[in-house]
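Below is the structure I would like to discuss, written out as structure tokens.
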Amino acid sequence: MPVIHRFDPPERFVAGTVGEPGQRTFFLQARAGTRITTVALEKQQVAALAHRIDELLDEVMQAGEDVVVPAVAPRDLADDLPLEQPIVEEFRAGTMTLAWDPTDATVVVEVFPFTEESVVAPDQPEEEIDEPEPEEVLLVRLRPGQARAFCERAERVIAAGRAPCPFCGGPVDPEGHLCPRANGFKRSGG
């Protein structure tokens, strides 16, 4: 039986980083009272989760459910505070699931740990896939306003990284970068 870090609902659920742009580590952090759970993940996972939550909420709005789903994050739920300290990583995120629970009008986010066993080869038959029981799970149930606030902050956190190169779109370090669209010539960061 896995350890379930359940937050129903959390007082706080945010994406945040530690480190300088280009060297940042991304985290999801949930808090209820003094209980805090922190999970490390990749920047692309944060972006995908925020994007998918926004899409899910838009789908619920369009479905005409009897629930109020804000189109944007309510101002009073904005969270610009840093991650709670000390940051103690419970696990590194692998698979994440997302669902809408109409019984209590919440977005349900489940984050499972990354394991080598869960890596599937593209040509591997589905009947050969045997995902192991996870040791831990982060389970967060968010009200619609909280979910929009999570998305808004996640987008700001992602955008706070290195500036994109105007030619190739790749990240530019302060020292510059080798731009493939400039035939390998180094473009400066300033």
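Nothing in this text is a laboratory measurement; each read-out follows from the coordinates by a stated rule. If you're wondering where the values come from, they're calculated on a predicted model, not measured in any experiment. For neighbour counting, all protein chains shown are included, and Cβ atoms are generated from backbone atoms with ideal geometry for every residue, glycine included.
Within segment 87-100, is even one residue farther than 24 Å from GLU133 by Cβ and among the polar types (S, T, N, Q)?
There is no residue in segment 87-100 that is farther than 24 Å from GLU133 by Cβ and among the polar types (S, T, N, Q).
Same structure again: Could you tell me which numbered condition GLU11 fails, if it satisfies all but one of (1) touching a residue at least 24 places away in the same chain (Cβ under 8 Å); (2) over 22 Å from ALA160 (Cα atoms)?
Evaluating GLU11 over (1) touching a residue at least 24 places away in the same chain (Cβ under 8 Å); (2) over 22 Å from ALA160 (Cα atoms) leaves (1) as the failure.
Given the conditions (1) touching a helix residue (DSSP H, G or I) at 6+ places or on another chain (Cβ under 7 Å); (2) loosely packed, with under 12 Cβ neighbours inside 10 Å, report the number of the one that ARG75 does not fulfil.
With (1) touching a helix residue (DSSP H, G or I) at 6+ places or on another chain (Cβ under 7 Å); (2) loosely packed, with under 12 Cβ neighbours inside 10 Å applied to ARG75, the lone miss is (1).
Any residue in segment 90-102 that's over 18 Å from GLN29 (Cβ atoms): show its pairings with residues that are in a strand (DSSP E or B) and among the β-branched types (Val, Ile, Thr) at Cβ separation under 7 Å, as long as the two are six or more apart or on different chains.
ALA99/VAL108; TRP100/VAL107; ASP101/VAL108
The rows are residues; the columns are (1) among the β-branched types (Val, Ile, Thr); (2) touching a Pro at 6+ places or on another chain (Cβ under 6 Å); (3) under 22 Å from PHE114 (Cα atoms).
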site	(1), (2), (3)
PRO9	no, no, no
PHE13	no, no, yes
GLY16	no, no, yes
ALA40	no, no, yes
LEU56	no, no, no
VAL60	yes, no, no
VAL69	yes, yes, no
ARG75	no, no, no
ALA93	no, no, yes
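If I ask for residues that are closer than 27 Å to ARG92 by Cβ and acidic (Asp, Glu), which ones from segment 36-68 would you list?
GLU42, ASP54, GLU55
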